[in-house]
Structure formats: C-alpha cells, structure tokens
1. Listed residues Asp69, Asp48, Asp54; which is more than 21 Å from Ala272 (Cβ to Cβ) and open to solvent by less than 40 Å² (accessible area, probe 1.4 Å)?
2. Go through region 423-432 and give me each residue that's assigned to a helix (DSSP H, G or I) and crowded, with 21+ Cβ neighbours inside 10 Å.
3. Select, from Ala484, Ala491, the only residue that is closer than 14 Å to Gly249 by Cα, open to solvent by 20 Å² or more (accessible area, probe 1.4 Å) and in contact with a helix residue (DSSP H, G or I) (Cβ under 8 Å, 6 or more places away or on another chain).
4. Here is a list of conditions, (1) under 22 Å from the mean Cα position of the chain (by Cα); (2) at pLDDT 95 or above, and Pro89 meets all of them except one; can you say which number that is?
5. Confirm whether Ser466 is surrounded by 16 or more Cβ atoms within 10 Å (Cβ to Cβ) and assigned to a helix (DSSP H, G or I).
6. Restricting attention to region 400-421, does a residue exist that is at pLDDT below 95 and open to solvent by 20 Å² or more (accessible area, probe 1.4 Å)?
7. So the check is Cβ under 6 Å with 6+ separation or different chains; which pairs have a first residue in region 467-481 that's closer than 14 Å to Ser492 by Cβ and a second one that's in a helix (DSSP H, G or I) and open to solvent by 10 Å² or more (accessible area, probe 1.4 Å)?
8. For region 383-399, how many residues meet the condition of being at pLDDT below 95 and assigned to a strand (DSSP E or B)?
Amino acid sequence: MTVSVGPGDRYVVGVDYGTLSGRALVVRVGDGAELGTAVHGYRHGVMDTALAVDGRALPADWALQDPDDYRDVLRHAVPAALAASGVDPARVVGVGIDFTACTVLPTLADGTPLCELPELRTRPHAWVKLWKHHAAQPQADRINALAHERGEPWIGRYGGRISAEWQYAKGLQLLEEDPEVYHRAQRWIEAADWIVWQLCGVETRNVCTAGYKGIHQDGRYPSREYLAALHPDFADFVAKLDGPLAPLGTRAGGLTARAAAWTGLPEGVAVAVGNVDAHVTAAAAQALEPGRLVAIMGTSTCHVVNGTELAEVAGMCGVVNGGISAGSWGYEAGQSGVGDIFGWFVAHAAPAGFASHEALTEAAAAQPVGAHGLVALDWWNGNRSLLVNHDLSGVVVGLTLATRPPDVYRALLESTAYGTRMIIEAFAEAGVPVDELIVAGGLTTNSLLMQIYADVTKRPLGIIGSAQGPALGSAIHAAVAAGAYPDVPAASTAMGRVDRDVYRPDPERARAYDGLYAEYRRLHDHFGRGADDMLLRLRAIRNAARRAADPSADVAAAPVEVVA
C-alpha cells in the first residue's frame, strides 16, 4: 500500500538493532504510518568461534560483536530508509533506538570502545559481549549463591537468579579473565545506551536496562560490600555503570553534527533514551495495559507484560518499576532459543526434500496432535526462564526408526510453546494475570506455530499490525521525546497497531496438548531441577574435550593470571 507524504506532516525514525542487522524505519507522527525502511547487516556478524581481527579461536559459549557495525547502521540504513520514504529529512523531529539486551561493552570515559584502542584490538574481552554470550555462567552461579547467602533484598525481583547474560556476570568474567581490560574500562555500558551516546554526545542510562540487566532497584544498585565479597576488585563495578538514569520516552539530547552527517538528518533532532527491543515493542502492539503479554518471537523470545502490583515471580528475568512504561510494574521473561532452534534443524538436520521451513511446516501441519510420539525440551541455547541456566541443552525423547523430519520439527515447535506456557503459569501463580497473548517478530508468519501457541496456552493470540514492531516502538518513543505526545501510552494509542484474536484455542487440540505438556513438565523438572544433572555433565565433558583439542581457545584474554 502506498502512503502519501503530506506537506504538514512530521516524522520520526526508529532504529532496531537486532542480532545480525539493524533496521531503520521512517514513521509518520500523526498515525504511525510506515513510509520507508532499510536493513543493514553487520559486517562482522556474531563472532562466536573466532575473533575477526586476527582469527583467534574463542572458547565455547562466547558471542562478540564489533561496535562499529552499529555505527554502520546509522551510516547506511537510516539514509536508505529516508530515501525509500520520500520524506524531507527536515520534517523529521525525532530518532529512537532499541537494542538486544544484555549486549554490553567496556569503554573509556568518553565512550571510546576498548576494542578500538590499537593495543587492545586482539583482546577478546575488549569487544562487545552480545546477549547470547553465555560463557559467564560460573560467575552467575556465584553471584546468585552469594546473594541468597547474604539475603540480598533484590534477588527475589529477578526470580531468584541473575542470568549469565546480564551485566554483572559478564563484568565479573571480564575481571577474572582479563583484569587489565577490566581496569581500563571506565564505563561498562549497554549497547542501547552507547549508540544513543554516539547519536547525541550525551551519556545516559535508560531505566529499562538499568533495572532488568543492571540490578537497579528502589533507587540503588547492589552494595559495594556485596560486590567486594564476590571479588575484592569488583567493589568498584557500580562506578562503571552508574550513569544518569532517564525514563523511557524522554529526550536524551539532540543529534550531533557528526551523527547528522551519518544519518542525513538535521543537527539537533531529538534523540530518545535507549530501550530494549522487546520492551519497546509493547507500545507498538498497543499492549501497555496489564494482562496483555507480548511475545517477541525471533531467534529467541522475550515475554513482557505490565502489572499493577509488585510481585516476585520465580524464574523471571525481572520486575522493574517503569521498565516497560511509566506507572506500571514491567515484568520480563524469556526463552534463549526459539527461531534459532528451528533454523538449526533446517540447516543441519533436515535431509533433501525437507530442508526448508515451508516443506517441514506443511508436512507437520497435517499431523494430529501427539501423532509423532515425541516431546522435546527447548534448551538448545540454554534456559532463560524459569531455570536461568545457560549450561542446559536440548533434548528430544521418543525417537524411533519410524520418526521422520516433520515429526521432530513439529516437536521442536511445540517445545517452545510449552516453555511459554510455563512462563505464563508462573506469572499467574504469582498473581500477575495474563489474559491475552500478542505476538510480534518474524515468526508470526508461521500460522502453524501461532495456532500451536494458542492451543498450548489456551489463550487468544493476537498479531502485531506491523512487521517492524521494535522499530515502530522506537519511533513511538521518539515521537514522545520530540514532544509530539504527552506520554508513551498516548503515542501508542495513535501510532501502534494490533490485530486481536487472530488465533483462538481449539478445545479438542488444547486437551490433547495438556497431556503432552504434562510430559514436558516432567522432563523439564527431571533435567532442570536437580533430579539428573546429566546435561550439565555433558556440557563439562564437551568443554574439556575442546580445551584438550585446542588449548589456545581456553583463554580468551591476554596471558594473565586467572582468578578462580
């Protein structure tokens, strides 16, 4: 559909930073109409086996990125989106961004990434640690054990466990594996806040990532005494991340001359404070009201929902006051692997004739519920919620010589729906109601998957009315930062869009899934809650074998003493 550009219209640009690329979207302020978009892939992608600058092997569970790839999105995607839109850049009043999280990097006091210092280019710990960097699980385990031992008041707000993906575990890993780089790092900053710093020249910290990933609760971070008990040199960690906190939708500053030259936008355009890709999507999906859970489904899934009261939910990623929108308690949960799992199967396990999502989906859709005789665990990239353990791995039970690729593929689809149902039930048991699911992200195009989610969760499922949910959400926040709307809910009402009740649960299929879900829960608790630590033992055996085969990959830092 062609959208006209009016002479009196105002526009905003939303920039969505994903795992492999960044997308820019030009949006009309008055009604949220999307006029132009462009995508720019990261030149270095995800460095998970070798450091791009010298080919140095990386240990297991590492995932790094190059921050200049993020600047390239501003240099290429934003001008291309403007050109595609036909909008006069002079009519653009605001820019907003969202980012994967926790994606974090060490910098100097002026924001210079340490990996851009010539003497640190070959030190892996100087680079960006992507959200899916899971090598800090041992540090996360110690952070959690000590928090419970000391009775730290904040641990319950994170479901009882801090994730290996978050700022503290990654920061402690940095200190223990490369203390020189740790001490050189004057700032430890989320990529969402860093790219805003690049845009407007002002350092800010958004309340979303500070709360969910930085353990900022009730106006403070974990105490110096607690951090020192983890490691004496970790006592100063908060000083590296304690920047000016800003609510979502507020103005971080104006576009600098340098950033204006990158983007083709006028200098001084309002720049909104940073946000997280999942949380910003709630505004785009008109899902800021309590009880509307948004599942942003892509390589992984993040679940966000607003609540009216503070509750501690076991296994959640966190609850933050104003973490999704001001005036509500924002709850977050997630699954570390969803689309990644399906993609892995197509790329590495599906034979000729079935090596596409389309072929597998068509064959799998013809099956009655339970006909494949399988149940799988969705832990192929670890478990974020409810177990918060990234050393866990995937399982498929029930394979026989009669099992065919569509059987396994459907079981994998179903496993992710079961994981989402466990999250919803945990919310409900803690007093946080979930009445409706609204799905955003690239997986909404798979109608079989969407119907499975409706049937498994027994809830109506809506679909966001935009293919660019996070970018639209960022544009909505940009409009608020520019003063076009008084607050994010008002902008969401005018600019967001959603198709509600697109999929409804079928009672017969839902009953059949109840039986399979019961088996999933048994398998989940057996391997995930201490009955059998086989998956953890297998991970340890794998890592030891890799170290023996390639000792150079065991140490990712310069040759320094490693503190146990």
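The values are calculated or read from the model by the stated rules, or taken from the named source; none is laboratory data. Here the structure is a predicted model, which means the values were calculated and not measured. With ideal geometry, Cβ positions are generated from the backbone for all residues, glycine too; neighbour counts draw on all protein chains shown. Ligands, DNA and RNA are stripped out before the accessible areas are found, and what is left, the full protein with its side chains, is counted by its heavy atoms. Shrake-Rupley method; radii C 1.70, N 1.55, O 1.52, S 1.80 Å.
1. Details: Asp48 fails: open to solvent by less than 40 Å² (accessible area, probe 1.4 Å); Asp54 fails: open to solvent by less than 40 Å² (accessible area, probe 1.4 Å).
Matching residue, one of Asp69, Asp48, Asp54: Asp69.
2. If the condition is that a residue be assigned to a helix (DSSP H, G or I) and crowded, with 21+ Cβ neighbours inside 10 Å, then Ile423, Ile424, Phe427 are the ones that fit.
3. Working: Ala491 fails: open to solvent by 20 Å² or more (accessible area, probe 1.4 Å).
After ruling out the rest, the residue left standing is Ala484.
4. Pro89 satisfies all of (1) under 22 Å from the mean Cα position of the chain (by Cα); (2) at pLDDT 95 or above except (1).
5. Values: surrounded by 16 or more Cβ atoms within 10 Å (Cβ to Cβ): yes; assigned to a helix (DSSP H, G or I): no.
So Ser466 fails the test.
6. No, every residue in region 400-421 fails to be at pLDDT below 95 and open to solvent by 20 Å² or more (accessible area, probe 1.4 Å).
7. These pairs meet every condition: Pro470/Asp277; Val480/Val488.
8. 1
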